[in-house]
Amino acid sequence: MTFDANDSIVRFENVGLRYGLGPEVLQDITFELPPASFHFLLGPSGAGKSSLLRLMYLALKPSRGLISLFGRDIATTPRDDLPALRRRIGVVFQEFRLLNHLTTFDNVALPLRVAGIRESEIEKHVRELLAWVGLKDHVNARLPTLSGGQQQRVAIARAVITRPQLILADEPTGNVDDRMAMRLMHLFEELNKLGTTLLIATHNETIVRRLGHPRLHLEDGRFVDVDSDVSSSEEKTETTATRKAPKRSRSARFPAGSAHRQGTP
Amino acid sequence: MFWRRTDLPVDSDSLGRFLPGIVAFMVYLATLALAGVMILMEATTTWQAGLSSTMTVQIAPEADTGGGLPAAEDSRVQSALALLRRLPDVARADVVNDEAMTTLLEPWLGEFTAVEELPLPRLIDVELRNGAEIDALGLAELLTAEVPEATVDDHRVWLDRLARLARAVGGLAVIVLVVIGAITVTIVIFTTRTTLAIHRNAIEVLHLIGAHDAYVADQFARRALVLALKGGLVGLALAVSSLVGLAYLAARIESELVPDIAFGPLQWAAILVLPLVVAAIATLTARGTVMRALAKML
Ligand SMILES: Nc1ncnc2c1ncn2[C@@H]1O[C@H](COP(=O)(O)OP(=O)(O)OP(=O)(O)O)[C@@H](O)[C@H]1O
Ligand SMILES: [Mg+2]
């Protein structure tokens, strides 16, 4: 695969999306996510966050515009190559989408099995990760017996178990308390430090503030400029620049972001 | 590997509920139909092998003349002979002469010398070529078209009619087998589709985490195979017990025309392969249905 480290992980150009014959729920979306970047996706309910993520994890085709993932234009990628792309993306679905007839263990193991990993390896990895997200005592529990927050952690574990290059999380901390939310965010940050690109849709202002990563702000299906009090004017410009001037390297794009991260606990 | 655990809910979907029963029923019908075909095939060959390679053609005498116009009769006999001798399957055709007739009639008529005086039919002895599969019915039609007074030995024609009927029934049974196959395919398609709808979430999740279509389709195929084999064995067991029952009844009716229901190893093999064939049809159909449904996803 031709993939150069400087290529964007995700690139959208003038993307529009409509469901069936309905109105465009996403309009003129242009942005890119450089490798190892960490963004929050914000916006009011119904703004189109989940829809944007669906396009990115290849559940939907855009009605117009260009999407490329890992340097490959999705429209021209043969269908047989898409599973391989999907395996490089870990998704935490807003509604979890766990398989209720399987145990916690089997749910988390699923992406590994789909990828054809040997059972002996799967066992160790899954147990380790489940311990990390605090589900050590629920390894063999059937999904419906878990609480909402526990299920959410299963969903996160399933998304990260394959060490994907890109993680897309839709409200991944909506059902857990702030302490667990921070713990899960730290898991994401650890993965980010290892080079994973992340985009996390959330309503949780506290977390966005605390972590201080750059945001993409959706409103009514369009990106709008960030005007939150947290972002310095410098960062605001940077985030905007990311969207408007796609061809810049990662370090050039988020200098303020990394400074900011150190400054804000 | 094909025999792997499944990621799909297996308890009570329509595949699990309906497939074994449907396959059992189909295998039952198919086994009986197949057994029927084989019994009929066997029976017709036995019947036909039992017939000698000779037959007799009768030319009826002129009713009121009392043998008064032997010339007309002779010409009929001659044209019948000519026709018979032209046929490729006929090795020999000869008129049974008066001496032979007298010998034939002796037990009934005693020492009666004036055979010519009696209004007896003239007989033609026909010998068929070795291994010739003559169509007696067709031959009879051919003959009567030329010589209306000619009749062909009844026994053979009757058996031929029976054999034709048997072949027709056999053909019907083959059609039944084909229809059973088609019904199995249709039902499996619909049950698989229903099951797909039930498992929609699981399938979408598998798809979105990067499963190839074959990964999902094979899981359905595996389940379909297991369920169909279960059903097939039940159907086979029922069919075999029915056949044994029929064989018992047939054995009690002592008639040469009621065929023996005793299968050779080849026929047993055909019967035992049937559930496997139906299971294979079900498996491939289920797989194909899932592959087609998945191909609609991005
Ligand atoms: N499957 C669908 N069919 C039709 N319309 C849809 C569908 N999914 C979403 N929409 C519409 O698209 C718009 C954006 O929805 P989306 O779910 O992307 O919003 P969101 O930003 O994720 O909201 P929330 O914060 O509540 O999750 C909404 O107007 C919604 O009604
Ligand atoms: Mg949403």
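Worth pointing out:
- Sole residue being at pLDDT 90 or above and part of a helix (DSSP H, G or I), chosen from A:Leu216, A:Leu199, A:Leu191: A:Leu191
- Residue within region B:174-190 that is facing chain A (nearest Cβ under 10 Å) and within 26 Å of B:Leu298 (Cβ to Cβ) present: no
Yes or no, residue by residue, for (1) free of Cβ contacts under 8 Å to residues at least 60 places away in the same chain; (2) part of a loop (DSSP other than H, G, I, E, B); (3) over 26 Å from A:Pro78 (Cα atoms); (4) charged (D, E, K, R):
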| position | (1), (2), (3), (4) |
| --- | --- |
| B:Ala224 | no, no, yes, no |
| B:Trp268 | yes, no, yes, no |
| B:Leu272 | yes, no, yes, no |
| B:Leu276 | yes, no, yes, no |
| B:Arg292 | yes, no, no, yes |
| B:Leu298 | yes, yes, no, no |
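- Any pair with Cβ under 6 angstrom, 6 or more apart, that starts in region A:74-92 at a residue that is more than 8 Å from every other protein chain (Cβ to nearest Cβ) and ends at one that is in a helix (DSSP H, G or I) and surrounded by 15 or more Cβ atoms within 10 Å (Cβ to Cβ): A:Gly90/A:Ala159; A:Gly90/A:Val160; A:Val92/A:Ala155; A:Val92/A:Ile156; A:Val92/A:Ala159
- Tally of residues being surrounded by fewer than 18 Cβ atoms within 10 Å (Cβ to Cβ) and touching a helix residue (DSSP H, G or I) at 6+ places or on another chain (Cβ under 6 Å) across region A:60-80: 1
- Which listed residue is away from ligand 1 (no atom under 16 Å from the Cβ), on the phi < 0 side of the Ramachandran plot, touching a helix residue (DSSP H, G or I) at 6+ places or on another chain (Cβ under 8 Å) and of a type in the set (A, V, I, L, M, F, W, C), from A:Ala201, A:Ala157: A:Ala157
- Top-ranked residue in region A:31-59 [being farther than 25 Å from A:Glu189 by Cα and surrounded by 15 or more Cβ atoms within 10 Å (Cβ to Cβ); ranked as nearest to ligand 2 (Cβ to nearest atom)]: A:Ala47
- Residues that are in contact with an Asp or Glu (Cβ under 7 Å, 6 or more places away or on another chain) and within 26 Å of A:Arg179 (Cα to Cα) within region A:89-146 comprise A:Val92, A:Phe93, A:Gln94, listed in sequence order.
- Note on region A:55-113: residues that are outside any strand (DSSP E or B) and either more than 16 Å from ligand 1 (Cβ to nearest atom) or hydrophobic (A, V, I, L, M, F, W, C) (or both) total 37.
- Residues in region A:28-85 that are of a type in the set (Ser, Thr, Tyr) and closer than 21 Å to A:Glu171 by Cα: A:Ser37, A:Ser45, A:Ser50, A:Ser51, A:Tyr57.
- Residue check, A:Arg97 within 9 Å of chain B (Cβ to nearest Cβ) and basic (Lys, Arg): yes
To keep it simple, each residue is scored yes or no on (1) touching an Asp or Glu at 6+ places or on another chain (Cβ under 8 Å); (2) closer than 30 Å to A:Ile117 by Cα.
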position: B:Ala173; (1), (2): no, no
position: B:Val178; (1), (2): no, no
position: B:Ala182; (1), (2): no, no
position: B:Thr191; (1), (2): no, no
position: B:Ala197; (1), (2): no, yes
position: B:Ala202; (1), (2): yes, yes
position: B:Leu206; (1), (2): yes, yes
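- Scanning region A:149-182 for residues being more than 16 Å from ligand 2 (Cβ to nearest atom), of a type outside the set (A, V, I, L, M) and either more than 12 Å from chain B (Cβ to nearest Cβ) or buried (at least 21 other Cβ atoms within 10 Å of the Cβ) (or both) gives a total of 11.
- If the condition is being more than 11 Å from chain A (Cβ to nearest Cβ) and β-branched (Val, Ile, Thr), then region B:197-225 contributes only B:Ile198.
The values are calculated or read from the model by the stated rules, or taken from the named source; none is laboratory data. Quick caveat: nothing in here was measured; it's all calculated off a predicted structure. Quick reminder, even Gly has a Cβ in these numbers, built from the backbone with ideal geometry, and neighbours come from all protein chains shown.
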